[in-house]
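The values are calculated or read from the model by the stated rules, or taken from the named source; none is laboratory data. These figures come from a predicted structure and were not determined experimentally. Virtual Cβ from ideal backbone geometry, glycine too; neighbours counted across all protein chains shown.
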Amino acid sequence: MKEAVMDTSVLAAFSGTGRIDLIFSVFPEIHIVPAVYREIVTDGQGWAAAVAAQSAIREGRFRIVEAMHCPVAPAFAHLGAGEREVLAWALHRQIPALIDEAPARKAAKQAGVVEVIGSLGILAKAKGLRRIDQVGPLVVGMRANGIHFGDDLVKRFLDAMNEK
């Protein structure tokens with residue numbers, strides 16, 4: 001079984017489009033660290049993009065885990081609490097970190113996280129698995145829900161996916 005640990009931004013991206021199922025098609029077991037749980041559930045009340053995630057968490061679809069101490073955690077001091085906990089867990093378990101923010105992705109790679117994949121990477125994998133025919137509409141939906149992907153990144157991604 002392929003497992004991963006997920007940050008708030010990726011969870012919100014898929015929750016906001018109503019396609020959390022795509023994450024599970026790529027990573028059947030997803031861990032949620034306490035800081036991400038707080039951001040989505042406790043602090044996320046009234047956040048439209050978090051509603052589907054909150055429901056999936058209540059249904060027990062995610063594995064809620066404890067925060068993990070990590071010896072390289074000081075290297076993550078400039079990151080948010082969720083990002084720090086996600087990267088510590090990914091390092092401890094040697095599993096992929098699902099995270100979008102560039103500083104966190106850079107820190108993860110420098111620290112030796114086994115795999116770092118973001119929302120667009122999950123969409124690409126889901127398309128490769130034929131769970132979806134097109135990524136474009138989901139990228140548009142993610143952006144409409146406040147997920148920030150630069151125009152150049154989106155263009156390169158859609159070109160790589162053979163979409164306009």
Item to check | Conditions (1) in contact with a Gly (Cβ under 8 Å, 6 or more places away or on another chain); (2) farther than 15 Å from V36 by Cβ; number of the one not met by Q54 | outcome: (2)
Checklist entry - Scanning for something outside any loop (DSSP other than H, G, I, E, B), over 13 Å from the mean Cα position of the chain (by Cα), hydrophobic (A, V, I, L, M, F, W, C) and within 26 Å of P34 (Cβ to Cβ), does region 135-142 turn up at least one residue? => result no
Item to check | Residue selected from region 15-47 under the condition out of contact with any helix residue (DSSP H, G or I) (no Cβ under 6 Å at 6 or more places or on another chain) and in a helix (DSSP H, G or I), by the criterion farthest from L123 (Cα to Cα) | outcome: T42
Next on the checklist: K155 - would you say it is free of Cβ contacts under 8 Å to residues at least 12 places away in the same chain, part of a helix (DSSP H, G or I) and within 21 Å of T8 (Cβ to Cβ)?
Outcome noted: no
Checklist entry - What about E101, is it of a type in the set (D, E) and closer than 22 Å to L153 by Cβ? => result yes
Next on the checklist: Quick check on region 21-35. Is at least one of its residues free of Cβ contacts under 8 Å to residues at least 60 places away in the same chain, buried (at least 22 other Cβ atoms within 10 Å of the Cβ) and of a type in the set (F, W, Y)?
Outcome noted: no
Checklist entry - Considering region 122-158 alone, what residues qualify as being loosely packed, with under 15 Cβ neighbours inside 10 Å, modelled with pLDDT of 95 or more and under 23 Å from A50 (Cβ atoms)? => result P137, V140
Item to check | Within region 115-134, considering residues that are over 15 Å from the mean Cα position of the chain (by Cα) and in contact (Cβ under 8 Å) with a residue 12 or more places away in the chain, the one farthest from M6 (Cα to Cα) | outcome: Q134
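The rows are residues; the columns are (1) of a type outside the set (A, V, I, L, M); (2) within 28 Å of G136 (Cα to Cα).
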position: A4; (1), (2): no, yes
position: I23; (1), (2): no, yes
position: V33; (1), (2): no, no
position: D43; (1), (2): yes, no
position: I57; (1), (2): no, yes
position: V86; (1), (2): no, yes
position: Q94; (1), (2): yes, no
position: L98; (1), (2): no, yes
position: I117; (1), (2): no, yes
Checklist entry - Is it the case that Q45 is over 17 Å from the mean Cα position of the chain (by Cα) and polar (S, T, N, Q)? => result yes
Checklist entry - Within the bounds of region 57-69, is there any residue that is under 20 Å from M6 (Cβ atoms), aromatic (F, W, Y) and in contact with a Cys (Cβ under 9 Å, 6 or more places away or on another chain)? => result no
Checklist outcome for this item: When region 94-114 is checked residue by residue, the ones that are crowded, with 16+ Cβ neighbours inside 10 Å and not small (G, A, S) are I95, P96, L98, I99, D100, E101, R105, V113
Next on the checklist: Can you tell me which condition V41 does not meet? The list is (1) surrounded by fewer than 19 Cβ atoms within 10 Å (Cβ to Cβ); (2) in contact with a Ser or Thr (Cβ under 6 Å, 6 or more places away or on another chain), and all the others hold.
Outcome noted: (2)
Checklist entry - Would you say R105 is modelled with pLDDT of 95 or more and not acidic (D, E)? => result no
